[in-house]
Each structure stands twice: as structure tokens, then as C-alpha cells.
């Protein structure tokens, strides 16, 4: 419905100016650095509808939802952070841009997979950034992968240890995903995982570790006490499904 009705209506009602249209049409269907640059600048612009138009053009050109999420939105979020570091965009502009990307993740969210387990009987997962981690957009991409696969999901981004501990103490979760992109001591992440395991209602909580730091430091997942090291959302769904769900009802990974 998003692809066939909502985005086309937005495209008709809120066309960007001619320069932006030419840039969008010239870039599709390539999802390389040039496209990321244009998309990031649109995200931080004053036009809240430009991103929907851009995505509509990409979908019309044959780019898949998964490609938009993983090959465009993720690097765009990273580029927005670089804008702030380079002092080419204000903190407010970067924040607005990231918020728009998160709305796009929700708008592009797929329907549950073949085995609909979105009710109370479906597996559940909670995500949280590592302590003092500022980059949380990747969590929304991974959460979308699990939600699209039929899991019940929860993202705790308050940066409050007490909020996270209270949540896992009150609610049952089958899995916990933690993400770290900035350099930090392994013990900092390990302490968070120990605290979550100790407070969890589920004594067999399955812990996933991901983010840039996990990719750059092979073996770190085991060092911090996680059960698995996930490269991306699709990989995380596969690992959690294999570990927690019977083979005959295992949920499909991100389609």
C-alpha cells in the first residue's frame, strides 16, 4: 500500500523543485555514495516530503524495500552524523533528518512473514544501544527486520540503565540485542549484558551483539558475554530464529 498508493500520492501532492527532481532521476537506480549524499541533504532540508518522493522514484525504478533500508537509509544516517562532525549541518538539522529516516523505516515496514506470530505467542526481542552510544538509527533497521519477520519488538533508547533493567524485569523477552558503533571498553558492554541477564524474567535470554564495533573487532561478542555476533538485521533474525525457534516454524528473515 505504501509503494502503490501512499508514496505516489505524496509525489503528486508535494513535488520537489526541478533541480531536486533532476538529481533524483539522474541517480536512480544507483544506491552509491552520490545517492547517499543527495538523500542525506534532503533529509536535513526544510522539505519534509522530499524523502518520500525520492523513495517513490527508487521503488518505481525497481529498487527493493530491503535495498532502500540497508543500502540507502543506513549509510544516510552515517552521513548525517558526518555532517555534524564536519560542521556542515546543525545538531537540530541532523536530529530532524534522523527522525525522518526513522519515519521512513516505519512506513516501509513489511507485513509479517508467512508464519504470523505477531500476537502474544510470537517471540519477542528488546534492543538497546551500548552505554553512552549516540548512534541508534541502526537499531531501528534491525528492529524492522525482526518486526517484518513476525517478532514482537521493543527499542529502549533512553540511555538510562534503570529504564532498561526495569523493562526486562517487568516484561518477558526471548532475545536482547545490543549495538555499539563507538570505541569503548569491552567491560562496559559486558557489564550491561550481565545486568540485563541478571534482571531478565527469562533466565535463558539470547543476547545478540552488533554494530560497527562488533564488525571491526572479531571475537568481541564472546568477550562481552553475547551469544552471537550479528552482521546486520537479516543475519540477526537468522541467528535468533535458529537458536530459539523450532525448525518447522522458524520465521523467515528479512525478505
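Only one of (1) modelled with pLDDT of 85 or more; (2) in the same structural domain as residue 36 (by TED's automatic domain parsing) fails for residue 102. Which number is that?
(1)
Among the numbered criteria (1) modelled with pLDDT under 85; (2) under 21 Å from residue 239 (Cα atoms), which one does residue 56 miss?
If we test residue 56 against (1) modelled with pLDDT under 85; (2) under 21 Å from residue 239 (Cα atoms), just (2) comes out false.
Report whether or not residue 143 is touching a strand residue (DSSP E or B) at 6+ places or on another chain (Cβ under 8 Å), assigned to a helix (DSSP H, G or I) and at pLDDT below 95.
The answer is yes for residue 143.
Check whether at least one residue in the stretch 110-131 is in contact with a helix residue (DSSP H, G or I) (Cβ under 9 Å, 6 or more places away or on another chain), in a helix (DSSP H, G or I) and modelled with pLDDT under 85, and report yes or no.
No; the residues of the stretch 110-131 include none that is in contact with a helix residue (DSSP H, G or I) (Cβ under 9 Å, 6 or more places away or on another chain), in a helix (DSSP H, G or I) and modelled with pLDDT under 85.
Among 196, 168, which is the only one that is in contact with a strand residue (DSSP E or B) (Cβ under 7 Å, 6 or more places away or on another chain) and either under 30 Å from residue 75 (Cα atoms) or assigned by TED's automatic domain parsing to the domain that holds residue 76 (or both)?
That would be 196, the only listed residue that is in contact with a strand residue (DSSP E or B) (Cβ under 7 Å, 6 or more places away or on another chain) and either under 30 Å from residue 75 (Cα atoms) or assigned by TED's automatic domain parsing to the domain that holds residue 76 (or both).
Among the numbered criteria (1) at pLDDT below 85; (2) over 22 Å from residue 208 (Cβ atoms); (3) assigned to a helix (DSSP H, G or I); (4) in contact with a helix residue (DSSP H, G or I) (Cβ under 9 Å, 6 or more places away or on another chain), which single criterion is violated by residue 76?
(1)
The values are calculated or read from the model by the stated rules, or taken from the named source; none is laboratory data. For clarity, every value in this text was computed on a predicted model and none was experimentally measured. Neighbour counts are summed over all protein chains in view; Cβ atoms, including those assigned to glycine, are modelled from backbone coordinates with ideal geometry.
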